[in-house]
Amino acid sequence: MIKIEHLYKEFQHAEVLKDISVEFQEKKTNMIIGQSGSGKTVLLKCIIGLLDIDQGRILYDDIVFNQLNFKKKKEIRKNIGMVFQGGALFDSETVEQNVKFPLDMFTNMTEDEKHRRVNECLERVNIHNVNSLYPAEISGGMQKRVAIARAIALNPKYLFFDEPISGLDPKTAIRIDRLIGELTKDIETTTIINTHDMNSVMEIGDKVIFLYNGEKWWEGSREEILHSDNPELNDFVFATNLAKTVRDLRKSGHT
Amino acid sequence: MTKPFRELFSHIGRYMILMGRVFAPPEKKRMYYRQTIKEIEFLGINSMGIVAIISVFIGAVITIQTAYNTESPLYPSYLLGLAVRDILLLEFSSTIVALILSGKIGSNIASELGTMRVTEQIDALEIMGVNSASYLIMPKIVAAVFFLPFLTIMSIFIGLFGGWLGGVATGVVSSHDYIYGIQYAFIPYYVTYTLIKAAIFGFIITSVSSYRGYYAYGGALQVGKNSTRAVVESSIIVLIFNYVLTQLLLT
Ligand SMILES: Nc1ncnc2c1ncn2[C@@H]1O[C@H](COP(=O)(O)OP(=O)(O)O)[C@@H](O)[C@H]1O
Ligand SMILES: [Mg+2]
């Protein structure tokens, strides 16, 4: 279980996150939504400890994560898989080496065992026959999949995604969204996803948290989001003309 | 007036903190070993060609220049060999190798690390429990500290050969005199001196450009700017230290 209590974070006196408290749903997909610059990435990096927070607490199963030292944090990080915005695959390593990396760092498996585990993970994300290619030699969608394979290599309890579908075409994007939804069910991970894409939310979001100017402005389920009367949230959700039209049709009873 | 100084000291402070993290004891030694071998190949072996080419020409030019500037029957011509040897040994080889490498590997390191920073590869390492500063930077420093002295020695030998070639081809010195000269009044300490300098230059180039790359931010444009700065700064620091080390080690 991951819980945040009264989290504050500032950079050079600019408050980026203000008094954020959230309890994420276990073994579900939790989505953090908000406009660019609203603080989603900073929040995610605070939760996994890549950024230090100024005030508040981050709890993993009642352990106060933000007060642990590097070694104890590492113990918790064994259970965390993270997929960064661009994938963040290591350029100078092959696909196989990339997925193997966490196994090298955290386990004492033999080379054979690692090789088998790498292939299991790659198969799980539908990637075949690219083990010896470098990230630059495969497509953006495949890079994302490989990054996901790397994130699940250690069978994590928690999965984090920062804008997993940004830069992908709509079809590939939906496939990646569905893959994330399936993985969450199959591996039973608590999944936390940053996105500004409403399609993803409607596709796989169990719980939704809306950030606005660094504050938690709204939270609820994907159904509730459509009927909320929070003006900022509505602005965000119904940003496109298509979405507005659908809403207005619904309101006037056409559906 | 005070602002540039404040900035300078804040850079020095952050550089020191980074070096502290770089030299923390490694956890998975095997992976560091693998990285170091990679870096020696990348930083060292790949620089041998350019160092060789430049050294041949520098040796030849020093011989010819020195010959024209000391044209006098009072100087025996074997002194030409001696002059070339000492110039290469004391100053040229270590400094030239360091400046070549500042340009070649300094920009390389800064853009590699800078790209890793802005594409979040460094974050990815950290989240997997790796001390990224140490994992990425230590192998580069170790490789350069070992390899720069080697390249410098190579440059001296090739420079001496270039001197012979240039001298004999233009007829300013006979082959016999030149070879006699380069062995005449040889001071072994000069070799130690040049090796120490080369090792220190290796440390400066790799650590300064790593600092620039590791703390990059923004996008591709910033990464490019930072790698240019890495080259300029490591060259200048090499020249300053060259001056300081000459004072310290030779007087
Ligand atoms: N390292 C940093 N230093 C200073 N400001 C930062 C840093 N990282 C992010 N910010 C600022 O924090 C705010 C939130 O950024 P971010 O979390 O990346 O937004 P999002 O991911 O929602 O698009 C932005 O205004 C950004 O400029
Ligand atoms: Mg972001």
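What follows is calculated from the coordinates using simple rules that are stated; it is not laboratory data. Every value quoted in this text rests on a predicted model; they were computed, and no experiment measured them. Neighbour counts are summed over all protein chains in view; Cβ atoms, including those assigned to glycine, are modelled from backbone coordinates with ideal geometry.
Across the alpha-carbon atoms of chain B, the computed radius of gyration and Dmax are 20.9, 72 angstrom. With 0.36 nm allotted per residue and the present C-alpha distance subtracted, the B:Tyr215-B:Ile37 stretch has 61.6 nm of extension available. The Rg/Rh ratio of the range A:100-255, with Rg taken over Cα atoms and Rh as the Kirkwood radius over Cα pairs, comes to 1.06. Close amide-amide hydrogen proximity is noted between A:Met82 and A:Phe160, each under 5 Å apart and 5 or more residues distant or on a separate chain (H modeled in the peptide plane; Pro and chain starts excluded).
The alpha carbon centroids of the range A:100-123 and the range B:73-99 are separated by 56 Å. In this rough spin-label picture, where each label sits 7 Å from Cα along the Cβ direction, the B:Ile240-B:Glu27 distance is 3.6 nm. Diffusion coefficient of the range B:115-251 by Stokes-Einstein, Kirkwood radius over Cα pairs, 4 °C, 1.567 mPa s: 72 µm²/s. Note on A:Lys251/A:Ser221: beta-carbon distance plugged into 1/(1 + (r/R0)^6) with R0 of 25 Å gives a FRET efficiency of 0.80. When each of A:Phe24, B:Phe150 is scored by the number of other beta-carbon atoms lying within 10 Å, the sequence from fewest to most is B:Phe150, A:Phe24. Using 27 Å as the Cα-Cα cut-off, could you pick out the over-long pairs in A:Lys74/B:Lys140; A:Lys73/B:Lys104; A:Lys216/B:Lys225; A:Lys73/B:Lys29? Distance filter (> 27 Å) returns A:Lys73/B:Lys104; A:Lys216/B:Lys225.
Quickly estimate the mean residue ellipticity at 222 nm for the protein assembly as shown, helices only: each DSSP H run with n ≥ 4 gives -39500 (n - 2.57), and the total goes over all residues, rounded to 500. Estimated from H runs of four or more residues: -19000 deg cm²/dmol. Across all directions, the average flat footprint of the convex hull enclosing the Cα atoms of the range B:175-251 is 7.4 nm².
Using a simple spin-label model with pseudo-atoms 7 Å out from Cα toward Cβ, A:His115 and B:His176 lie 6.6 nm apart. Rg then Dmax, both in Å and based on the Cα atoms of the range B:28-94: 19.0, 65.
Extending 7 Å from Cα along the Cβ direction at A:Asn69 and again at B:Ala185 yields two label points whose distance is 6.0 nm. Find the all-direction average of the projected area of the Cα convex hull for the range B:87-182, expressing the result in square nanometres with one decimal place. Reported value for the Cα convex hull: 7.6 nm².
Considering the protein assembly as shown at the alpha-carbon level, its Rg and Dmax are found to be 29.5, 111 Å. Residues of the range A:1-32 with amide nitrogen under 17 Å from the 7 Å Cα-to-Cβ point of A:Ala243? It comes to A:31-32, nothing else.
Taking Cα atoms only, the orientation of helix B:107-118 departs from the longest principal axis of chain B by about 0 degrees. Multiplying the residue separation of B:Glu71 and B:Phe161 by 0.36 nm and subtracting their alpha-carbon distance yields 30.2 nm. With 23 Å as the limit, the listed pairs A:Lys3/A:Lys72; A:Lys40/B:Lys3; A:Lys100/A:Lys144 have A:Lys40/B:Lys3 beyond it between alpha carbons.
Directionally averaged projected area (the range A:1-145, Cα convex hull): 10.5 nm².
Rounded to the nearest 0.05, the FRET efficiency derived from the C-beta distance between A:Ala14 and B:Arg229 at R0 = 25 Å is 0.50.
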